[in-house]
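The values are calculated or read from the model by the stated rules, or taken from the named source; none is laboratory data. This structure is a prediction, so every number in the text was calculated from the model and none was measured. Please note: Cβ atoms are built from the backbone with ideal geometry, for glycine as well, and neighbour counts cover all protein chains shown.
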């Protein structure tokens, strides 16, 4: 059977508003023909029209194979399968940490021990909060850039092409929201030869709890600046816990009901039923753990190896007692909301 091409992907996902914006198709296209444009509420990629399969009749199908939104792929799990559940925090100071800084501690440990040679993650401009995908190779840089920016949409996985094909990293950790994790799981299990270099290079996948992603321009310009009179440089941290919590540099906190932000949420998020990224090696989020700590759902032997290494290096402190009921409550709420 012929591989499906970008035209099938466009018809099934891009044109129907299902695109998650993960950027996987951008990364794996061997012709560099797929990209995301800059601008407000960009809902899907665009193609320059050249496709090895459609144009030259060369078998490809890489973009279709990695997309997490093709077929009936909406998971309805809450916690998913796991080996161990823990509350965790970094054992060292992280200036801009989110919750307990556990993810940063695990990754810093992995870089220092040589378990990985690069991290594909998201960073932001501290003044404007504008996000971008980035490749980090040094633990001190990682620590300085720590702090979750996953409230904002960015086609994170697009940076994989640079990491794998251009810079030739072979031991890569990727930190992403559930849709990106779903795409990476497809990369790992696909029999498409064009995806093998990526599959062979991904050492660790960390999935972050996610209720939805916001369009940067819509939220900053259209909601926070206009309605709430909050400038981006005034914001110290954003967190989504059933509402958008805005912590400002002056110590004040503004809570915005998610119902007020519907127009800022990417269209593709409205069909997502995945809160905890069950296909990751480790899932992490602030829900279910005391303030100042991170909930870690350690799912695979690989994930446990990385957590144990961080504990052994005295970079991570773990305790028991994560509140699974709180996680399941929010996960079920997301499932109900997005299966209407």
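Conditions: (1) in a strand (DSSP E or B); (2) more than 26 Å from residue 271 (Cβ to Cβ). Residue 292 meets all but one. Number of the miss?
(1)
Tell me which of these residue 188 doesn't satisfy, since it passes every other one: (1) closer than 14 Å to residue 281 by Cα; (2) in contact (Cβ under 8 Å) with a residue 40 or more places away in the chain.
Result: residue 188 passes all but (2).
If I ask for residues that are within 20 Å of the chain's Cα centre (by Cα) and assigned to a loop (DSSP other than H, G, I, E, B), which ones from segment 41-73 would you list?
Initial filter on segment 41-73 (within 20 Å of the chain's Cα centre (by Cα)): 41-45, 63-70, 73.
Across segment 41-73, the qualifying residues are 41, 42, 43, 44, 45, 67, 68, 69, 70, 73.
Residue 233 fails exactly one of the following numbered conditions: (1) under 30 Å from residue 161 (Cβ atoms); (2) in contact (Cβ under 8 Å) with a residue 40 or more places away in the chain; (3) over 16 Å from the mean Cα position of the chain (by Cα); (4) surrounded by fewer than 20 Cβ atoms within 10 Å (Cβ to Cβ). What is the number of that condition?
(1)
Being at pLDDT 95 or above, farther than 14 Å from residue 88 by Cα, in contact with a strand residue (DSSP E or B) (Cβ under 7 Å, 6 or more places away or on another chain) and not assigned by TED's automatic domain parsing to the domain that holds residue 240, is that true of even one residue in segment 291-302?
Yes, segment 291-302 contains a residue that is at pLDDT 95 or above, farther than 14 Å from residue 88 by Cα, in contact with a strand residue (DSSP E or B) (Cβ under 7 Å, 6 or more places away or on another chain) and not assigned by TED's automatic domain parsing to the domain that holds residue 240.
Name every residue in segment 110-119 that is in contact with a strand residue (DSSP E or B) (Cβ under 7 Å, 6 or more places away or on another chain) and either assigned to a helix (DSSP H, G or I) or farther than 18 Å from residue 170 by Cβ (or both), in order of residue number.
Passing the criteria: only 110.
Among (1) within 21 Å of residue 115 (Cβ to Cβ); (2) at pLDDT below 95; (3) in contact with a helix residue (DSSP H, G or I) (Cβ under 6 Å, 6 or more places away or on another chain), there is one condition residue 133 misses while meeting the rest; what is its number?
Of (1) within 21 Å of residue 115 (Cβ to Cβ); (2) at pLDDT below 95; (3) in contact with a helix residue (DSSP H, G or I) (Cβ under 6 Å, 6 or more places away or on another chain), only one is false for residue 133: (1).
Regarding residue 273, is this residue surrounded by 15 or more Cβ atoms within 10 Å (Cβ to Cβ), in contact with a helix residue (DSSP H, G or I) (Cβ under 7 Å, 6 or more places away or on another chain), modelled with pLDDT under 90 and in a loop (DSSP other than H, G, I, E, B)? Lay out the reasoning, then the answer.
Working: surrounded by 15 or more Cβ atoms within 10 Å (Cβ to Cβ): yes; in contact with a helix residue (DSSP H, G or I) (Cβ under 7 Å, 6 or more places away or on another chain): yes; modelled with pLDDT under 90: no; in a loop (DSSP other than H, G, I, E, B): yes.
Here the answer is no, as residue 273 does not meet what is asked.
For segment 102-112, what are the residues that are touching a helix residue (DSSP H, G or I) at 6+ places or on another chain (Cβ under 9 Å) and either at pLDDT below 95 or surrounded by 24 or more Cβ atoms within 10 Å (Cβ to Cβ) (or both)? Let's see the steps before the verdict.
From segment 102-112, those touching a helix residue (DSSP H, G or I) at 6+ places or on another chain (Cβ under 9 Å) are 102, 104-112; that's our starting set.
Matches in segment 102-112: 102, 104, 105, 106, 107, 108, 109, 110.
State all residues of segment 83-136 that are under 21 Å from residue 220 (Cα atoms) and under 15 Å from the mean Cα position of the chain (by Cα); if no residue qualifies, say none. Working first, answer last.
Residues of segment 83-136 under 21 Å from residue 220 (Cα atoms): 96, 98, 122-133.
98, 122, 123, 124, 131, 132, 133 - these are the residues of segment 83-136 that are under 21 Å from residue 220 (Cα atoms) and under 15 Å from the mean Cα position of the chain (by Cα).
Answer with yes or no whether residue 88 is in a strand (DSSP E or B), buried (at least 19 other Cβ atoms within 10 Å of the Cβ), touching a helix residue (DSSP H, G or I) at 6+ places or on another chain (Cβ under 7 Å) and at pLDDT 95 or above. Give the derivation first.
On the way: in a strand (DSSP E or B): yes; buried (at least 19 other Cβ atoms within 10 Å of the Cβ): yes; touching a helix residue (DSSP H, G or I) at 6+ places or on another chain (Cβ under 7 Å): yes; at pLDDT 95 or above: yes.
It is true that residue 88 is in a strand (DSSP E or B), buried (at least 19 other Cβ atoms within 10 Å of the Cβ), touching a helix residue (DSSP H, G or I) at 6+ places or on another chain (Cβ under 7 Å) and at pLDDT 95 or above.
Please state which one of 314, 247 is out of contact with any helix residue (DSSP H, G or I) (no Cβ under 8 Å at 6 or more places or on another chain), more than 15 Å from residue 212 (Cα to Cα) and in a strand (DSSP E or B). First the steps, then the outcome.
On the way: 314 fails: in a strand (DSSP E or B).
Of 314, 247, the one residue that is out of contact with any helix residue (DSSP H, G or I) (no Cβ under 8 Å at 6 or more places or on another chain), more than 15 Å from residue 212 (Cα to Cα) and in a strand (DSSP E or B) is 247.
Output the residue which, of all residues in segment 10-26 that are in contact with a strand residue (DSSP E or B) (Cβ under 9 Å, 6 or more places away or on another chain) and touching a residue at least 40 places away in the same chain (Cβ under 8 Å), is nearest to residue 210 (Cα to Cα).
Residues of segment 10-26 that are in contact with a strand residue (DSSP E or B) (Cβ under 9 Å, 6 or more places away or on another chain), as a first pass: 10, 14, 22-23, 25-26.
Add one more test, that the residue is touching a residue at least 40 places away in the same chain (Cβ under 8 Å), and what stays is 22-23, 25-26.
On the way: 22: 13, 23: 17, 25: 21, 26: 22 Å.
Among them, the one singled out is 22.
Can you tell me which condition residue 212 does not meet? The list is (1) modelled with pLDDT under 90; (2) under 22 Å from the mean Cα position of the chain (by Cα); (3) surrounded by fewer than 19 Cβ atoms within 10 Å (Cβ to Cβ); (4) closer than 29 Å to residue 68 by Cα, and all the others hold.
Condition (3) is where residue 212 drops out.
Scan segment 9-26 residue by residue and report those that are in a loop (DSSP other than H, G, I, E, B) and under 14 Å from the mean Cα position of the chain (by Cα).
20, 21, 22, 23
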